[in-house]
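Written below as structure tokens is the structure these notes are about.
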Amino acid sequence: MDTFAKPQTARLEQLILRPALEADLPDLEWGGAYLHFRRVFRHTFELVLAGRAVIWLALLPAVGLVGQLFIQYSCDRRELADGKERAYLYSFRVKPEFRSQGIGSAMLDRVEADLRSRGYRIVTLTVARDNPRARALYERRGYRIVAADPGRWRYPDHLGVWHEVEEPAWRMEKVLEQTEISATSRAAGG
Ligand SMILES: CC(C)(COP(=O)(O)OP(=O)(O)OC[C@H]1O[C@@H](n2cnc3c(N)ncnc32)[C@H](O)[C@@H]1OP(=O)(O)O)[C@@H](O)C(=O)NCCC(=O)NCCS
């Protein structure tokens, strides 16, 4: 799917970035490519409803979904997300035919600004060790490697069959610069 996608020009000024609604969940399956993650998406949406996560979408008029990025505000691994200072970024992808045109960077800009406005100071993520291009993008944006991560996780597919994943990764972090406004609103408890 990735290798043979014919590049399409994106008009970045038309890009819409917004949190997903329940009705958007089927689109996250990308026409079947991510059908196996159906239950994972549903579970993430339950976290959204509980105020523990947000699913960001990038859309283009007449095209629809071109990118997605998940944020968890809190999770069991406190070094990734602690509900206060650290938020965890994952499941970040742009459709192959729209890559390398700035959509991913626009999404990161928006998401980092949103986290900053909520008082978060650190964005965490893991990037597979065999994904140097994504790592380069993160490094250009100020993310730094802080630890090795075994990258082990498991998920139930759409039929309820569990899969074990092992994808050795680097854990990266970026310290968000506080703007005067968000620093003030934190001090005021806002
Ligand atoms: C990483 C990704 C979300 C970035 O989105 P994007 O719209 O291509 O990002 P931008 O156009 O703003 O920035 C382009 C940079 O992203 C990185 N990138 C581009 N294509 C990529 C790919 N297939 N895989 C990984 N990184 C890629 C490169 O650093 C690229 O810079 P370059 O074009 O100078 O080499 C997107 O490329 C993608 O979906 N890649 C595959 C999935 C993935 O690796 N996700 C990250 C998991 S941690």
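The values are calculated or read from the model by the stated rules, or taken from the named source; none is laboratory data. Given the structure is predicted, the values throughout are model-derived calculations rather than measurements. Note: ideal-geometry Cβ built from the backbone for every residue, glycine included; neighbour counts use all protein chains shown.
Annotations for the structure displayed:
- Within the stretch 146-164, residues that are among the acidic types (D, E) sit with their Cβ atoms under 7 Å from residues that are surrounded by 10 or more Cβ atoms within 10 Å (Cβ to Cβ) and part of a strand (DSSP E or B), at 6+ positions apart or across chains, in these pairs: D149/T126; D149/A169; D149/W170; D149/R171; D157/H163.
- For the stretch 87-96, the candidate set comprises residues that are hydrophobic (A, V, I, L, M, F, W, C) and more than 6 Å from the ligand (Cβ to nearest atom); within that set, the residue that is nearest to E177 (Cα to Cα) is A87.
- If you filter the stretch 107-136 down to residues that are near the ligand (Cβ under 8 Å from one of its atoms) and among the polar types (S, T, N, Q), you find that the one that is nearest to the chain's Cα centre (by Cα) is T126.
- Scanning the stretch 163-174 for residues that are within 22 Å of T44 (Cα to Cα) and exposed (fewer than 14 other Cβ atoms within 10 Å of the Cβ), we see that the one that is nearest to the ligand (Cβ to nearest atom) is V165.
- Identification of strands (runs of 3 or more DSSP E) wholly contained in the stretch 108-172 with 2 or more residues that are over 26 Å from F37 (Cα atoms) and at pLDDT 95 or above yields 144-149.
- Top-ranked residue of the stretch 97-106 - restricted to ones that are farther than 26 Å from D149 by Cα and assigned to a helix (DSSP H, G or I), ranked as nearest to the ligand (Cβ to nearest atom): I103
- In this entry, E177 is excluded by the filter for residues that are of a type in the set (D, E), farther than 26 Å from R38 by Cα and surrounded by 14 or more Cβ atoms within 10 Å (Cβ to Cβ).
- Selected residue [modelled with pLDDT of 95 or more, surrounded by fewer than 19 Cβ atoms within 10 Å (Cβ to Cβ) and assigned to a loop (DSSP other than H, G, I, E, B)] from E79, E46, E29: E79
- Selection over the stretch 143-162 of residues that are surrounded by fewer than 13 Cβ atoms within 10 Å (Cβ to Cβ) and in contact with a Phe, Trp or Tyr (Cβ under 6 Å, 6 or more places away or on another chain) gives a count of 1.
- Test: L137 is surrounded by 18 or more Cβ atoms within 10 Å (Cβ to Cβ) and either closer than 23 Å to E167 by Cα or not aliphatic (A, V, I, L, M) (or both): no
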